[in-house]
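The values are calculated or read from the model by the stated rules, or taken from the named source; none is laboratory data. Since the model is a prediction, treat every value here as computed from it, not as a measurement. Note: ideal-geometry Cβ built from the backbone for every residue, glycine included; neighbour counts use all protein chains shown. Heavy atoms of the whole protein, side chains included, go into the accessibility calculation; ligands, DNA and RNA do not. Shrake-Rupley method; radii C 1.70, N 1.55, O 1.52, S 1.80 Å.
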Amino acid sequence: MAVAACSTDFTRDSACRDGHAAAHLKFISIFLIFFTSVIGVSLPVLLTRFFHGKPLYDKAILIIKCFAAGVILSTSLVHVLPDAFDALSDCQVASQHPWRDFPFCGLVTMIGALLALLVDVTATSHVEHSHYNPVETEEKPRTDSAGDIGLLVSVDSKSEIGNLGGGSCHRRREGEEELVKLKQKLVSQVLEIGIIFHSVIIGVTMGMSQNQCTIKPLVAALSFHQIFEGMGLGGCIAQAGFSFTTTSYMCFMFSVTTPMGIVLGMVLFSITGYDDSSPKALIMEGLLGSFSSGILIYMALVDLIAVDFFHNKMMSSNQGLKRGCFVALLLGSASMSVLALWA
């Protein structure tokens, strides 16, 4: 029964399996995907630097971030998770123990989301304790010449206490702003880790494939995929306010991950002849895809969408901006979802 279920159209498969043509397509895809990745991740960063300090800067970056959240959410739910489920549901895997006995795709996705939560909570707690120490003031009792214990408060002392209180509030606000910035940087870094997992899987899978019928539509679809996903990550990087060196490094890492994954897949195939459709390759693809999907789902819903739509004062006081951000969220989700027709 398992053999019958796994039967394929061998005539079409043999016609599509052309190693020379597949290698030619892969070399084209390496440069094309790198170029589109650079455009996608750099565009939000350049736009925010251009508009920085201008009246519409805060609103523009918020709309870009909402578009980014839609892209990341769609990437996780429409692209990564279904691919992981398909890999673990393949008849070569699903017919074996223990893969046929338990929904591992959902389990590993949940583990990825919980691990992202653990990293988020731990890092946030560490940042709060390290960078935020509230200033406390005390009024100590003094004894006057008659022996009575009381507080000697004069006009000058009241003025000093008032100045101290004002300085404390100012330092408190600065501490809170610093915490927000540090949290945004943490979100961007964890988000890039999840995207890199996903990009490596895509690249290695394409690099090991010898099926030109599969690679041809992937080259075009992945180019657009990298533009939209890069815009999502670039929007978060831009808002975090990293230094020029760190921003350049994060953009570079995103841009080269998928091309390097393709090269790695080609090297692995040439050395081992490893079949990308073997059960072990499918299991690895399914588990890594599920894990990265869990990370991306958590980051999109908790650290991007929930933070902006429920805890952003600028959006809560401006209904027009809130509607614009929701439209941007829908556009980001829709633009990435449409690509699922080809990849």
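Consider segment 91-111 and keep the residues that are more than 13 Å from residue 287 (Cα to Cα) and in contact (Cβ under 8 Å) with a residue 24 or more places away in the chain. The one that is surrounded by the most Cβ atoms within 10 Å (Cβ to Cβ) is 92. What are the pairs, 6+ residues apart or on separate chains, where a residue within segment 240-269 that is under 24 Å from residue 288 (Cα atoms) and of a type in the set (Phe, Trp, Tyr) has its Cβ under 8 Å from a residue that is modelled with pLDDT of 90 or more and open to solvent by 20 Å² or more (accessible area, probe 1.4 Å)? The qualifying pairs do not exist here. Criterion applied to 85, 67 was being assigned to a helix (DSSP H, G or I) and either open to solvent by 50 Å² or more (accessible area, probe 1.4 Å) or touching a strand residue (DSSP E or B) at 6+ places or on another chain (Cβ under 7 Å) (or both), and the one residue passing it is 85.
Does any residue of segment 243-256 turn out to be open to solvent by 40 Å² or more (accessible area, probe 1.4 Å), touching a Phe, Trp or Tyr at 6+ places or on another chain (Cβ under 7 Å) and not charged (D, E, K, R)? Among the residues of segment 243-256, not one is open to solvent by 40 Å² or more (accessible area, probe 1.4 Å), touching a Phe, Trp or Tyr at 6+ places or on another chain (Cβ under 7 Å) and not charged (D, E, K, R), which makes the answer no. Cβ-Cβ below 7 Å, separation at least six or inter-chain, first residue in segment 20-31 and touching a residue at least 40 places away in the same chain (Cβ under 8 Å) and of a type outside the set (S, T, N, Q), second part of a helix (DSSP H, G or I) and open to solvent by 30 Å² or more (accessible area, probe 1.4 Å): which pairs? Here the result reads 21/212; 22/212; 25/212; 25/216; 26/266; 30/263, each pair linking segment 20-31 to a residue that is part of a helix (DSSP H, G or I) and open to solvent by 30 Å² or more (accessible area, probe 1.4 Å). Would a scan of segment 40-49 turn up a residue that is outside any helix (DSSP H, G or I), modelled with pLDDT of 80 or more and surrounded by fewer than 22 Cβ atoms within 10 Å (Cβ to Cβ)? There is no residue in segment 40-49 that is outside any helix (DSSP H, G or I), modelled with pLDDT of 80 or more and surrounded by fewer than 22 Cβ atoms within 10 Å (Cβ to Cβ).
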